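Notes follow the structure.
The values are calculated or read from the model by the stated rules, or taken from the named source; none is laboratory data. Here the structure is a predicted model, which means the values were calculated and not measured. We place every Cβ from the backbone using ideal geometry, glycine too, and count neighbours over all the protein chains shown. The area values use the complete protein model at the heavy-atom level, side chains included, leaving out ligands, DNA and RNA. Shrake-Rupley method; radii C 1.70, N 1.55, O 1.52, S 1.80 Å.
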Amino acid sequence: MRTAYSVETVRAAEAELMARLPQGGLMQRAAAGLAAACADLLGRVYGARVVLLVGSGDNGGDALYAGARLARRGAGVSALPLGARIHEGGLAALLGAGGRVADDPFEVLAAADLVLDGITGIGGHGGLRPDALPVARAARGSDAVVVAVDLPSGVEADTGEVRGEALRADATVTFGTYKPGLLIDPAKEYAGTVRLVGIGLEPHLPSVPDLEALQHADVARLLPVPAAESDKYRRGVVGVVAGSARYPGAAVLAVAGALRGGAGAVRYVGPAAEAVIARFPEALVHSGPPSKAGRVQAWVVGPGLGDGLDVVQDVLDSDVPVLVDADGLRPLDASALRDRGAPTLLTPHAGEAAALLGVPREEVESARLASVRELASRFGATVLLKGSTTLVAAPDGGRCPVRVNPMGTPWLATAGSGDVLSGLTGALLSAGLDARDAGSAAAYLHGLAARHAITEGAPITAYEVAGALRSAWRDVQATG
């Protein structure tokens, strides 16, 4: 599992570690890892032209010491000071190794093979300063590989927000642990390929991170596996309330996700029964209301309901976990939801989240972490905020880390993919996973299925994503 910690937590852990090391020892560890990563990117260090963008803080010191190591291996290294001061020890090391301070920043950038962005790092806020913008733009406009030191300058380390202009990197070398901004859009898009360099920080970090990202082995441990005594009820029966005369396909796709997500049975309630049975004869259908449809271990309500919202409250009155998606999100009452005795999982996209919060969509998209936490707190529900980086937050006041899905792909931006995700998540809820685990595992499998469905970069449909869930499931289980 990948874990990320806030700047405050990282700073505290660094202080503990520095107290045990010789002065400057931690910076030397970081610089050694940074220089090694740059050497890998360059391929051939001797004769390479490296430019350091050096800010006032320790981030600039890391860049200078790494530059000194590259200079000792034969690289031509030039520093461009961009802060009110420069790290004296790092500068002395660079000059002693044969590096220099450049007179003309644009001349050296035009000829650079690699640029190290050490302007602000994790301590920066509010985008790049105006005096750094011309140099940052020249670096990005050059043919050089841009490598961010710990974090791209101009992005927010704790939130993933980008509140001004930032320097987009081709790669980021981060130290000790991931920072939330490296895993959450929009900042994630500025980081490029991220490489984690160990500096001995791990023993000094808390056991509970601020953010975590599941990997194959983590998902494999969560997935339900039938036992010899299993029947359909032990495997989980999920009820799906979806579709309408206008949107019958939503019902088909949600049922597809549920069946291919391992449900023992699916009870479909709604007006699209004919379309559902035609595609999935194993589905159990009922005209409604949901409370009369039969026994289930979890409900999914909302995909493609259109104006048929009277069923939403009937489902929420049940005593089993409920996933609410799409049209079902419109009539939600926060106080009533908080009073539910069973877990609730909301799965909005950014537009739906904005409507629930009463803010512009752009605010949700730019501050995804804050938005998912606020939704979970306000509605007393687990929230899966869909998007380029899907986030899952529990209504626990921050005691559990927010989870970020690393498997997302832009190809999932297609009609009906969210309906498949809802059915898949509902199946995992019915199997007994808690809402946070069900949402996290489902988002992971959903993204992985999309990757399996993509053939040579060709577009995919939501139904193809549902069809690829089997191969995604096998892929994950192979690591378990």
| message | Given the criteria modelled with pLDDT of 95 or more, surrounded by 20 or more Cβ atoms within 10 Å (Cβ to Cβ), of a type in the set (A, V, I, L, M, F, W, C) and over 22 Å from Leu167 (Cβ atoms), does Leu26 qualify? | response | yes
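Conditions (1) touching a Gly at 6+ places or on another chain (Cβ under 7 Å); (2) of a type in the set (A, V, I, L, M); (3) within 26 Å of Pro248 (Cα to Cα), marked per residue:
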position	(1), (2), (3)
Val301	yes, yes, yes
Gly308	no, no, yes
Val311	yes, yes, yes
Asp327	yes, no, yes
Leu357	no, yes, no
Leu369	yes, yes, no
| field | Where a residue in the range 47-65 is of a type in the set (Gly, Ala, Ser) and its partner, wherever it lies, is open to solvent by 20 Å² or more (accessible area, probe 1.4 Å) and part of a helix (DSSP H, G or I), with Cβ under 6 Å and at least six apart | value | Ala48/Leu42; Gly57/Gly123; Gly61/Met27
| request: Could you grab me the full set of residues in the range 168-194 that are open to solvent by less than 20 Å² (accessible area, probe 1.4 Å), closer than 17 Å to Ala66 by Cβ and either free of Cβ contacts under 8 Å to residues at least 12 places away in the same chain or in a loop (DSSP other than H, G, I, E, B) (or both)? | output: Ala169, Gly176
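Collect the residues in the range 98-130 that are surrounded by fewer than 18 Cβ atoms within 10 Å (Cβ to Cβ) and in a loop (DSSP other than H, G, I, E, B), keeping them in residue-number order. Walk me through how you get there before you give the answer.
Of all residues in the range 98-130, those surrounded by fewer than 18 Cβ atoms within 10 Å (Cβ to Cβ) come to 98, 100-104, 106-107, 110-111, 123, 125-126, 130.
If the condition is that a residue be surrounded by fewer than 18 Cβ atoms within 10 Å (Cβ to Cβ) and in a loop (DSSP other than H, G, I, E, B), then Gly98, Ala102, Asp103, Asp104, Ala111, His125, Gly126 are the ones that fit.
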| field | Scan of the range 137-164 for residues that are over 19 Å from Ile184 (Cα atoms) and either surrounded by 24 or more Cβ atoms within 10 Å (Cβ to Cβ) or in contact with a strand residue (DSSP E or B) (Cβ under 6 Å, 6 or more places away or on another chain) (or both), ordered by number | value | Ala139, Ala144, Val145, Val146
| note | The one condition Gly243 fails out of (1) open to solvent by 70 Å² or more (accessible area, probe 1.4 Å); (2) in a loop (DSSP other than H, G, I, E, B) is (1)
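Evaluate the following for Arg403: is it assigned to a helix (DSSP H, G or I), of a type in the set (D, E, K, R) and touching a Lys or Arg at 6+ places or on another chain (Cβ under 9 Å)? Let's see the steps before the verdict.
Details: assigned to a helix (DSSP H, G or I): no; of a type in the set (D, E, K, R): yes; touching a Lys or Arg at 6+ places or on another chain (Cβ under 9 Å): yes.
Judged against the criteria, Arg403 is not a match.
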| query | Can you name the residue in the range 353-369 that is part of a helix (DSSP H, G or I) and small (Gly, Ala, Ser) and, of all such residues, is farthest from Val324 (Cα to Cα)? | reply | Ser366
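Restricting attention to the range 1-23, and to residues there that are out of contact with any helix residue (DSSP H, G or I) (no Cβ under 6 Å at 6 or more places or on another chain) and assigned to a helix (DSSP H, G or I), which single residue is surrounded by the most Cβ atoms within 10 Å (Cβ to Cβ)? Walk me through how you get there before you give the answer.
Initial filter on the range 1-23 (out of contact with any helix residue (DSSP H, G or I) (no Cβ under 6 Å at 6 or more places or on another chain)): 2-3, 5-6, 8-12, 14-15, 19-23.
This time we only want the ones that are assigned to a helix (DSSP H, G or I), so: 8-12, 14-15.
Details: Glu8: 10, Thr9: 19, Val10: 24, Arg11: 12, Ala12: 15, Glu14: 19, Ala15: 11.
That would be Val10.
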| Cross-chain or 6+ apart pairs with Cβ under 7 Å, the range 408-436 first and of a type in the set (Phe, Trp, Tyr), then open to solvent by 20 Å² or more (accessible area, probe 1.4 Å) and modelled with pLDDT under 95 | Trp411/Ile454; Trp411/Pro459
| How many of the residues in the range 196-223 are closer than 29 Å to Ala442 by Cα, part of a helix (DSSP H, G or I) and of a type outside the set (D, E, K, R)? | 5
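Mind checking which strands (runs of 3 or more DSSP E) fall wholly inside the range 267-334 and carry at least 1 residues that are closer than 20 Å to Asp434 by Cα?
Working: elements: 284-286, 298-301, 322-324.
Here the list reads 298-301, 322-324.
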| task | Filter the range 92-146 for residues that are modelled with pLDDT of 95 or more and among the basic types (Lys, Arg) and give the result. | result | Arg100, Arg137, Arg140
